[in-house]
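Trainee: Take a look at this one; I'll ask things after.
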Amino acid sequence: MPNPHGTAPGQFLSTARGALALLPGPPRELKAMVANELVRRLRPVIPPQVIKMRTFRITGMGESELDALIAPVYSKYSNPATTVLSSPGDLLVSLRALSETEAQAEALLREVGNPIAELLGERVYSENAEEGLERVAARLLRKQRAKVATAESCTGGLIASRLTEHAGSSDFFVAGYITYTDKQKQEVLGVPKQLLEKHRAVSEPVAAAMATGARERSGATYAISSTGYAGPLGGTEYDPAGTVYLGIAGPGGTRVVRVRYGGERYRVRTLATQGALDLLRKTLMKS
């Protein structure tokens, strides 16, 4: 099989026992060869079939909790086949239906997928496998013509990095403040010194003040804040390492959630970033 994008040709052999294809490894070469050469050679030797996919991107729960919730649904079926992929704070459920017609495949996906979607509720943030939380938040912000700012301590700019990862983020992102010390929280965000002395930097009142201060100073519609003990050092008896307070300030007021993450420092910061973006998503959906 000719390879216009490289030097390694492909090979195709069809016999009474089956078909064999050898393809180049680089994706740019492989994908073009499959589309332009292999598919037409396979059609005469394989039965007609349609493959359809349905995916759910989920956050706010662990893999074991997810599987316990949806396994009673998908375990009854071998078609569609169900796959669960996991990364910190982000789960992907993939349903793969194989049938003779597109209508039959889509019916199978509805039969299994609709009950799963109902069980998961708002924890499903997208049915597009390529759409991460930052893209969902960006879409909602653009739809509402809203702006966002960030005020970060323990996440050290990771929330702002996620929000500005893709081109066009200037449509909605205004400013990011990294205030790692008490002094910077006071001088940059206007967090009262008395508040810090009374409640500590890692607390609900300070997370609220950080979000409010970032919103006021930037002029953004919404502002997200993070303050916590990423570990392995730090923490108190009430707020041990892994405790993070996430705040959001907006037209409807200020809200703070307290979360506790297990694991090492990288995982805590990653989960906190995901949690902050999900808090923004849920707030935008309700506004």
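Computed from the coordinates by the stated procedures, all read-outs in this text should not be read as laboratory data. Worth saying up front: this structure is predicted, and the values here are computed from it rather than measured. Using ideal geometry, Cβ is built from the backbone for each residue, glycine included, and neighbour counts are taken over all protein chains shown.
Trainee: Tell me the net charge near ARG57. Cut-off is 14 Å between Cβ atoms, ARG57 excluded, with +1 for each Lys or Arg and -1 for each Asp or Glu.
Mentor: -3
Trainee: Moving on to the next point. I need to check one value: relative contact order of the chain, counting alpha carbon pairs closer than 8 Å and at least 6 residues apart, in percent.
Mentor: Once divided by the residue count of the chain, the mean separation gives 14 percent.
Trainee: Find the relative contact order for the stretch 1-46 and round it to a whole percent, using C-alpha pairs within less than 8 Å whose residues are 6+ positions apart.
Mentor: 36 percent
Trainee: Mind checking which aspartates and glutamates have their Cα closer than 14 Å to the Cα of LYS193? Skip sequence neighbours fewer than 8 apart in that chain.
Mentor: The reachable aspartates and glutamates, counting only those whose Cα sits under 14 Å from LYS193, are ASP182.
Trainee: Then there is this: Can you say what percent of the DSSP beta bridges in the stretch 101-259, counting only those with both residues inside, are antiparallel? Round to 5.
Mentor: 60 percent
Trainee: Antiparallel as a % of all DSSP beta bridges within the chain, to the nearest 5?
Mentor: Values: 38 of 48 bridges.
The antiparallel proportion sits near 80 percent.
Trainee: Compute the distance in nm between two label points, each set 7 Å from the Cα along the Cα-to-Cβ direction, one at GLU100 and one at GLU131.
Mentor: Once both label points are built, they end up 3.4 nm from each other.
Trainee: Give me the three principal axis extents of the stretch 81-142 from the C-alpha atoms, as integers in angstrom, largest value leading.
Mentor: 40, 26, 20
Trainee: On average, how much area does the Cα convex hull of the stretch 50-126 cover when viewed from any direction, in nm²?
Mentor: Directional mean of the projected Cα hull area for the stretch 50-126 stands at 4.6 nm².
Trainee: Using the beta-carbon distance between ARG267 and ILE51 and R0 = 25 Å, what value does 1/(1 + (r/R0)^6) give for FRET efficiency, to the nearest 0.05? Could you put the intermediate results ahead of the total?
Mentor: Numbers: r = 35 Å, r/R0 = 1.39.
The computed FRET efficiency comes out at 0.10.
Trainee: Specify the residue with the greatest mean-square fluctuation among PRO80, PRO27, PRO192, computed from a Gaussian network of the chain linking alpha-carbon atoms under 10 Å apart.
Mentor: Checking each option, the largest mean-square fluctuation is seen for PRO27.
Trainee: Once Rh is set to the Kirkwood radius over Cα pairs, what Stokes-Einstein translational diffusion coefficient, in µm²/s, holds for the stretch 93-199 at a temperature of 37 °C and a viscosity of 0.692 mPa s?
Mentor: 188 µm²/s
Trainee: I've got another one for you. Out of ARG269, ARG28, ARG139, any idea which swings most in a Gaussian network model of the chain, alpha carbons joined below 10 Å?
Mentor: Checking each option, the largest mean-square fluctuation is seen for ARG28.
Trainee: Mean residue ellipticity at 222 nm from the helices of the chain, using -39,500 (n - 2.57) per DSSP H segment of n ≥ 4 over the full residue count, to the nearest 500 deg cm²/dmol?
Mentor: Using -39500 (n - 2.57) per qualifying helix, the result is -12000 deg cm²/dmol.
Trainee: Can you give me the Rg/Rh ratio for the stretch 1-46, using Cα atoms for both radii and the Kirkwood formula for Rh?
Mentor: 0.98
Trainee: For LYS76, give me every one of the aspartates and glutamates with a C-alpha distance below 16 angstrom, ignoring sequence neighbours fewer than eight places off in its own chain.
Mentor: Here the aspartates and glutamates satisfying the reach criterion relative to LYS76 are ASP67, GLU111.
Trainee: Also, quick follow-up: Using bins 10 angstrom wide from zero, how does P(r) for the stretch 1-146 break down, in % of all Cα pairs?
Mentor: 10, 27, 26, 25, 11, 1, 0
Trainee: First select every other residue whose beta carbon is under 15 angstrom from the beta carbon of GLY113; then total the charges, Lys and Arg +1, Asp and Glu -1.
Mentor: With Lys, Arg at +1 and Asp, Glu at -1, the neighbours total +3.
Trainee: Here is a follow-up. In whole percent, what relative contact order does the stretch 17-119 give with Cα contacts below 8 Å and a gap of six or more residues?
Mentor: The value is 30 percent.
Trainee: Something else: Could you please state, rounded to a whole Å, how far the C-alpha centre of the stretch 56-98 is from the C-alpha centre of the stretch 227-287?
Mentor: 25 Å
Trainee: Over all directions, the average projected area of the alpha-carbon convex hull for the stretch 133-286 comes to how many nm²?
Mentor: Working: hull surface 32.6 nm².
Convex hull of Cα atoms, orientation-averaged projection: 8.2 nm².
Trainee: Moving on. Net charge near MET285, counting Lys/Arg +1 and Asp/Glu -1 over other residues with Cβ under 12 Å of its Cβ?
Mentor: Details: positive: ARG139, LYS143, ARG281, LYS282, LYS286; negative: GLU122, ASP278.
Result for the neighbourhood of MET285: +3.
Trainee: Cα-Cα pairs above 35 Å in the chain: how many percent?
Mentor: The calculated P(r) of the chain puts 37 percent of pairs beyond 35 Å.
Trainee: Still on this structure: Extent of the stretch 14-85 along each principal axis, from alpha carbon coordinates, in Å, largest to smallest?
Mentor: 46, 29, 17
Trainee: Expressed in nm to one decimal, what extension gain is obtained for the pair ALA35 and LEU13 from 0.36 nm per residue of sequence separation less their Cα-Cα distance? Spell out each step's value before the answer.
Mentor: Values: separation 22, 0.36 × 22 = 7.92 nm, distance 1.71 nm.
Value of the extension gain: 6.2 nm.
Trainee: Any idea what log10 I(q)/I(0) is at q = 0.13, 0.14, 0.18, 0.24 Å⁻¹ for the stretch 158-242, Debye with uniform C-alpha scatterers and no solvent?
Mentor: -0.46, -0.53, -0.81, -1.18
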